[in-house]
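Before any comments, here is the structure.
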Amino acid sequence: MKIEAVTLREIRMPLVHFFETSFGRTTERRILLVTLHTDGPEGWGECVAGEDPFYSEESVDTAWYAVEKHLAPALLGKTIAKGADVPALLGRVRGHRMAKGALENAVWDAEAQEQRVPLWRLLGGTQTEIACGVSIGIQNSVEQLLEKISTELAAGYRRIKVKCKPGWDLKVFERIRARWPEILMSCDANSAYTLGQIEHLKQFDRFNLLMIEQPLWHDDFYFHALLQKQIKTANCLDESIHGRRDACAAIELGACRIINIKVGRVGGFSEAVAVHDVAQQARIPVWCGGMLETGIGRSHNIALSTLPNFTLPGDVSASKRYWKEDIIEPAVEVSPQGLIKVSQEAGRGFQLKTGFIEQLTVRKQTLRAQ
Ligand code: NPG
């Protein structure tokens, strides 16, 4: 396909309920979407960078800059056969993985339509249903959290993940376990602890957690390996895995027993599949993380989650948990058994509500081949 133009657009969407992590609270999302105009089908990608560089170095504004000045120009006017060819074309730019991921995934999105195959098949997926968990942010009170857990369990979700930080951890887990001793439960610290708090972290072992996600520094493997030796609970790495080589290093060091794969964090589908493959070889299970995506990123996460080593429920859940109205149709729905059934249609399997996307757009720029 020939890449004729790239449109960048920022949309704003208020969340149905605020989402709080150890680094802050989000009530409204600023989201960068990219559209790839080709001589064939149009591809769409979502950049998962946040408004501020708190989860990673990237933000909506740095991603816009990287796509406008460097990444889109590296694709414009080129004929590209497949999404897998994109990383080599963008490789001159260091970092900016979420920006790269948006563009690369848009190429895969177009390729799947062009080849008339479902995107998940193109990626090598084998599972036709994916198991869903939910991530529940820090709430104003423990009662509010318990109420939310109860709602999500009733909706069928198969794993409850709670955000934690010093002061919102052991007491909260105690209350949850008192009410639900058996549920599959994990916690996510988003780097809220240091190794100096190891005695405190050891107490997490009392709660039969499936995992503790990224307890220590966002860029670390070594100290996570030291921690893993001293706790029974499995470490799961998220922030520190930027690609295949990081996954190899973390596994070799014994820094984690589980890996969270976020397609934006690793720079696009090619690298996400590569991380999946090295983890599979090492018998490390993976699951798909979420970044409060709209339906575009969500549909791409569903496709990725069909690969065979996605054996743990992910953070990919129903559109209505985030948005009053999603930008795709149908909205993503989860069955009472906590499953998303994968579409057999060609492409991403969801239509875009282009009129609605236009209404939500606050900034737009189209770059064309010179
Ligand atoms: O359900 O999409 C979702 C959110 C899942 O917990 C989730 N995401 O650290 O993994 C994370 C966290 C996050 C959300 C991080 C937004 C950064 C921004």
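The values are calculated or read from the model by the stated rules, or taken from the named source; none is laboratory data. A quick note: this is a predicted structure, and the numbers were derived from the prediction, not measured. Here Cβ is always computed from backbone atoms with ideal geometry, including for glycine, and neighbour counts include all displayed protein chains. The protein model used for the area step is the full one, side chains on, heavy atoms only, and it has no ligands, DNA or RNA in it. Shrake-Rupley method; radii C 1.70, N 1.55, O 1.52, S 1.80 Å.
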query = Where the only charges are on Cβ atoms (+1 Lys, Arg; -1 Asp, Glu), what is the dipole of the range 231-370 about its Cα centre, to the nearest 20 debye?
reply = 120
note = The whole-number value in µm²/s of the Stokes-Einstein translational diffusion coefficient for the chain, with Rh from the Kirkwood sum over alpha carbon pairs at 4 °C and 1.567 mPa s, is 63
inquiry  = Charges on Cβ only, +1 for Lys and Arg, -1 for Asp and Glu, centred on the Cα centroid of the range 161-247; of L195, Q214, V162, which one is farthest towards the dipole's positive end?
reply    = V162
remark   = Carbon plus sulfur, as percent of the 1.4 Å-probe accessible area of the range 167-206, comes to 53
remark   = Magnitude of the Cβ-charge dipole (Lys and Arg +1, Asp and Glu -1) of the chain about the Cα centre, nearest 20 debye, reported as 340
inquiry  = Restricting the calculation to Cα positions, tell me the Rg (one decimal) and the Dmax (whole number) of the range 234-370 in Å.
reply    = 16.7, 51
query = Ordering H17, H218, H224 by how much accessible area each has at a 1.4 Å probe, largest first, what is the list?
reply = H218, H17, H224
key: For the range 279-343: accessible area per residue (Å², 1.4 Å)   = 37
ask   = Roughly what angle does helix 97-115 make with the longest principal axis of the chain, taking Cα atoms, 0 to 90 degrees, to the nearest 10?
value = 60
note = Shape call for the range 120-254, from the Cα gyration tensor axes a ≥ b ≥ c (a/c under 1.5 means rounded, otherwise prolate when a/b beats b/c, else oblate), comes out oblate
ask   = Of the listed peptides 208-217, 250-259, 354-363, 166-175, what is their order by residue-averaged count of other C-beta atoms within 10 Å, with the highest listed first?
value = 208-217, 250-259, 166-175, 354-363
remark   = Note: the range 35-153, point scatterers on Cα, Debye, no solvent; log10 I/I(0) at q = 0.16 Å⁻¹ equals -0.87
ask   = What does the convex hull of the alpha-carbon atoms of the range 154-223 project to on average, in nm²?
value = 5.1
key: On Cα atoms only, tilt of 244-253 relative to the major axis of the chain in degrees   = 20
Estimated dipole of the range 55-154 in Debye, rounded to 20 [Cβ of Lys and Arg +1, of Asp and Glu -1, Cα centre] = 540
request  = Rank by packing, highest mean first: peptides 306-312, 92-98, with packing defined as the count of other Cβ atoms within 10 Å averaged across residues.
outcome  = 306-312, 92-98
ask   = For the range 1-136, what's the relative contact order in percent, using C-alpha pairs closer than 8 Å and at least 6 residues apart?
value = 25
